[in-house]
Amino acid sequence: MSTDNSNNWLEALAELRSAPEWEDWQDLSRGRYLLSRLRRTLLNAPEKLTGNLWQQTTEEFLANESLKYGPDLDRVAKDFWADADDEQSLFRRAAVAARYIDQHIAPGSVPQAPSGTDEFLTKDNTYVFPSPRALAERPPTMRHGIKRRLLLNHRVVPTQIDGRRVLISVHPQLAETEQAKNIPRKIGCCLFLGFRLNQISGRKDFIAESASADGPIASILAEQLETARVDHCDTVVWPELTMEPVNVSVLSGLLATSPIETPLPTIILAGSWHIKTGDTYVNRGIVLDGNGDELVTFDKCLPFLDSKPETSEGIEGSDFIQLMVTEHEVVALTICRDFCDGNRLKLLEECDATYALVPSLGKESTVTASLNTAANLQTSVGTLSAVSQQLLIMPDEEAPRHAGYVIKAPRSPQKLEISSCKETGQFISFKSGA
């Protein structure tokens with residue numbers, strides 16, 4: 001079985017080595033195509049290479065080999081592979097090629113227009129976005145796996161993952177300065193004390209009709225937004241099923257009157273709500289900019305399922321995954337179970353995101369599952385995950401003393417206890433990657 005795997009990846013590499021794109025790899029479209037192919041080919045190599053050999057491949061080795069062999073790519077590409085005559089040397093040489101191209105085509109940013117992502121779509125139906133890994137993590141080390149450490153200046157995203165389409169929206173705001181692109185996001189997560197949901201009566205499943213909290217929600221939104229402004233947050237996230245359309249309108253109006261202006265593109269993820277579309281409902285999230293204008297909406301894929309039909313979510317699941325790109329970031333937008341369900345981990349890894357922003361709703365078991373996902377994503381691809389989870393209070397339950405849970409886009413989520421995520425306040429701000 002391992003022999004077949006070895007043969008398969010070597011055959012793919014041999015085919016790639018003869019690709020015409022090597023003759024003019026400095027062209028951005030050709031270079032991005034080669035990065036996509038090199039990454040996929042290396043990831044399909046046997047574990048003895050992607051695990052054992054890669055862990056022994058230091059950053060110093062990759063840098064020295066790039067200096068030694070990289071110039072051959074600039075002259076005659078076939079010379080680059082000349083003395084790589086066994087499986088291990090071919091694997092490492094392909095990694096050096098990926099690093100060399102990754103570094104030399106890195107300058108540039110995502111065009112600030114909705115149609116601009118086509119420039120980053122390669123002919124093998126993969127997006128290759130310029131996005132520095134250094135933004136979200138410390139310098140790479142030998143303990144980082146190949147998915148996280150192979151490319152340091154680009155993120156690679158398929159157009160389809162596990163049968164679901166990947167949709168890309170482009171944030172129209174530019175970073176204030178080049179230096180701003182190197183700072184981590186300052187994120188604010190919002191919660192509500194005494195939050196309760198009322199569901200539409202007469203249904204055999206659960207669809208939200210209205211929401212309430214300890215105090216007028218419009219007033220709480222104004223306070224949360226003002227705190228976000230004072231704390232210099234460039235990203236604000238409300239939980240799942242807390243933001244009725246009327247509350248989103250309130251939020252949009254507050255931002256229109258007094259915009260949030262930050263060095264990084266401002267992302268206001270205004271929670272989600274059950275929205276009727278035709279004869280069905282969807283659980284729809286919405287993202288606003290700092291002026292309160294709508295940037296994108298996205299729908300939940302996996303409905304909440306309970307042992308009781310009347311408390312199971314009666315929505316139609318989405319067939320797409322929504323990502324937002326800025327000049328230098330890839331941001332995954334995902335709702336509750338779409339993030340915490342363990343079966344989604346491979347899909348989320350394939351998004352290769354800088355950040356995952358997650359509106360959520362549930363109890364301790366939900367945040368426990370979300371912490372597991374956050375830890376696995378951070379380890380495998382370096383994604384920093386911010387989760388704003390409203391505590392779900394059932395009609396017959398007494399309101400607890402805490403409002404919900406927040407996962408603060410930590411660098412080491414695997415070290416966190418559930419108790420450290422429990423929050424009693426209605427606004428929690430933090431620097432991502434701490």
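The values are calculated or read from the model by the stated rules, or taken from the named source; none is laboratory data. Since the model is a prediction, treat every value here as computed from it, not as a measurement. All Cβ positions, glycine included, derive from the backbone under ideal geometry; neighbour counts span all protein chains shown. For accessibility, only protein heavy atoms count, side chains too; no ligands or nucleic acids. Shrake-Rupley method; radii C 1.70, N 1.55, O 1.52, S 1.80 Å.
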- For ARG203 and GLU316, compute 0.36 nm times the residue count separating them, minus their Cα-Cα distance, and round to one decimal in nm. 39.2 nm
- Query: Which ³J(HN,Hα) values, rounded to whole Hz and listed in residue order, are derived for the range 152-165 from phi using the Karplus coefficients 6.51, -1.76 and 1.60 in 6.51 cos²θ - 1.76 cosθ + 1.60 with θ = phi - 60°, glycine and proline given as x?
  - Reply: 9, 10, 9, 10, 10, 10, x, 7, 8, 10, 6, x, 9, 5
- Item | Gained length - LEU28 relative to ASP231, 0.36 nm times residue gap less alpha-carbon distance | 69.2 nm
- Rounded to the nearest 0.05, what FRET efficiency do LYS363 and GLU59 have when you use their Cβ-Cβ distance and R0 = 41 Å? 0.45
- Unit charges at the beta carbon, dipole of the chain: most positive-side option, GLN160, ILE101, GLN88: GLN88
- As a check on your grasp of the helix formula, calculate [θ] at 222 nm for the chain: sum -39500 (n - 2.57) over DSSP H runs of n ≥ 4, divide by the residue count, round to the nearest 500. -9500 deg cm²/dmol
- Run through all the Cα pairs of the range 276-405 and give the fraction in each 5 Å bin from 0, expressed as whole percent. 2, 10, 18, 22, 20, 15, 9, 4, 1, 0
- Residue separation times 0.36 nm, minus the C-alpha to C-alpha distance between ASN372 and LYS308: what's the value? 20.5 nm
- Hey, what's the Cα Rg ratio for the range 233-288 versus the globular rule of thumb, 2.2 N^0.38 Å? 1.24
- Query: Given a 1.4 Å probe and the protein chains all in place, what does the accessible area of ILE321 round to, in Å² to the nearest 10?
  - Reply: 10 Å²
- Enclosed volume per residue, in Å³, of the convex hull spanned by Cα atoms of the chain: 148 Å³
- Query: So what's the gap between the Cα centers of the range 1-79 and the range 214-271, to the nearest angstrom?
  - Reply: 46 Å
- Task: Tabulate in residue order the Karplus-calculated ³J(HN,Hα) for the range 178-183, using 6.51 cos²θ - 1.76 cosθ + 1.60 with θ = phi - 60°, rounded to whole Hz; enter x for Gly and Pro.
- Result: 4, 5, 4, 5, 9, 9
- Query: What is the magnitude of the charge dipole of the range 311-390 about its Cα centre, with +1 placed on the Cβ of each Lys and Arg, -1 on the Cβ of each Asp and Glu, and no other charges, expressed in debye to the nearest 20?
  - Reply: 280 debye
- At q = 0.17, 0.31 1/Å the base-10 log of I(q)/I(0) from the Debye formula over the alpha-carbon atoms of the range 263-315 is -0.62, -1.16
- Would you mind estimating how fast the range 178-302 diffuses translationally, via Stokes-Einstein at 37 °C and 0.692 mPa s with the Kirkwood radius over Cα pairs, in µm²/s? 213 µm²/s
- Of all the Cα-Cα pairs you can form in the range 312-387, what percent are over 20 Å apart? 26 percent
- hull vol. (C-alpha, convex hull) per residue for the range 241-343, Å³ -> 119 Å³
- Whole-Hz ³J(HN,Hα) from phi, Karplus 6.51 cos²θ - 1.76 cosθ + 1.60, for the range 36-53, glycine and proline x: 4, 5, 4, 4, 5, 5, 5, 5, 8, 6, x, 4, 4, 9, 6, x, 4, 5
- Message: Taking the Cα centre as origin and putting +1 on Lys and Arg beta-carbons and -1 on Asp and Glu beta-carbons, what dipole magnitude results for the range 208-313, to the nearest 20 debye?
- Response: 120 debye
- Using the Cα gyration tensor of the range 155-230, with a ≥ b ≥ c the square roots of its eigenvalues, what is the shape: rounded (a/c below 1.5), prolate (a/b larger than b/c) or oblate (neither)? oblate
